[in-house]
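Take a look at the structure below.
The values are calculated or read from the model by the stated rules, or taken from the named source; none is laboratory data. Predicted, not measured: the structure shown is a model, and the values here were computed from it. As a convention, Cβ positions derive from the backbone with ideal geometry for all residues, glycine included, and neighbour counts pool all protein chains shown.
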Amino acid sequence: MSRRAAAVQAEAQPSVLAPWLELLRPRVASMVTLMALLGAATAPGSTFPRALEAALLITLVTGCASVLNQVLERETDALMPRTAARPLVTGRIGVVGALVFATLLGAAGAAGLALRFNLLSAFLSLATLLVYVALYTPLKRVSTSNTVVGAVPGAAPPLLGYAALAGDVGPWAWCMFAVIFAWQFPHFFAIAWLYREDYRRAGHRMLPCVEDAEGLAGRHSVLYALALIPVALLPLTAGLAGPFYGIGAGLLSVAYLVASVAFARREDRARARAVVVTSLFYLPLWAGLILTDSLVSASLR
């Protein structure tokens, strides 16, 4: 076999590691790492190597939660086209293997946080895991309030990162938690609207799937996008950030509100996707504002 043919054959064969990486949901994991890194970077006395180490350990614990979620939902995942190709559904990974993998991830992350940082960050990480797996996951089939419950662990990464470096949970940590908590709702309502038929098929109780749900996703998106504006400005009003952050965060939040209002006026795929795209730009730009503002403020002292 020629080298070219061997290379083509190697590319055609899926990697042994690929399904295990799929279990970690790389896009979600990368966002967790970024937000945990942001929280760690804002802690007093933080250095980049230590902040990155904490963020990666936190990502391991959240990876454990993601794998356990997929173990519990493998039957309903099989009913939805968007999740039907997941490794546990297709049988590329067995349940026992996934449970062992999850245990190793959670143990390594929590132990690393306890030994390398502090017990508080380890405890909070495990509490976040418990809320996600034991409360949010089963609640999805019972009540639309699952979105509120799920937003708690979803907003936790920067708070966890801050706690790891600072040893406590300070005002910056709570501000970042509050922003991400409010940010999640328009983002998720738009996604739930786009995949509402999938969720109905799987029996998940999402807002766009309930009786007489027309308009609910859009209206609720507007309410939370409105709430996000003062929440995003909390660091400014609390004296934690300067005007550079305030102007940027205000503009980002208004843009999110504009997309949400458009979605509320007419719920269709294009406008729902616009909310999702706006939300995906929001977080990294917001993180950049925090870090840039801290540099600007330091240079003016």
Among the residues of the stretch 259-270, count how many are in a helix (DSSP H, G or I) and touching a residue at least 24 places away in the same chain (Cβ under 8 Å).
7
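For the stretch 38-58, does any single residue satisfy the condition of being among the hydroxyl-bearing types (Ser, Thr, Tyr) and at pLDDT 95 or above? Before the answer, list the steps.
Step one: list which residues in the stretch 38-58 are among the hydroxyl-bearing types (Ser, Thr, Tyr), which gives 42, 46-47.
Checking the rest, the ones that are also at pLDDT 95 or above come to none.
Within the stretch 38-58, none of the residues are among the hydroxyl-bearing types (Ser, Thr, Tyr) and at pLDDT 95 or above.
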Where LEU126 falls short, out of the listed (1) surrounded by fewer than 20 Cβ atoms within 10 Å (Cβ to Cβ); (2) under 22 Å from ARG205 (Cβ atoms); (3) touching a residue at least 40 places away in the same chain (Cβ under 8 Å):
(2)
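Could you tell me which residue of the stretch 36-55 is surrounded by the fewest Cβ atoms within 10 Å (Cβ to Cβ), considering only residues that are of a type in the set (A, V, I, L, M, F, W, C) and more than 20 Å from PHE177 (Cβ to Cβ)? Before the answer, list the steps.
Taking the stretch 36-55 first, the residues of a type in the set (A, V, I, L, M, F, W, C) are 36-38, 40-41, 43, 48, 51-52, 54-55.
Now restrict to residues that are more than 20 Å from PHE177 (Cβ to Cβ): 48, 52.
On the way: PHE48: 10, LEU52: 16.
Per the stated criteria, the residue is PHE48.
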Starting from the stretch 73-87, keep only residues that are more than 18 Å from ALA18 (Cβ to Cβ), then list their pairs with residues that are small (Gly, Ala, Ser) whose Cβ atoms are within a distance under 7 Å, requiring at least 6 positions of separation or different chains.
THR76/ALA202; THR76/GLY203; ALA78/ALA84; LEU79/ALA202; MET80/ALA202
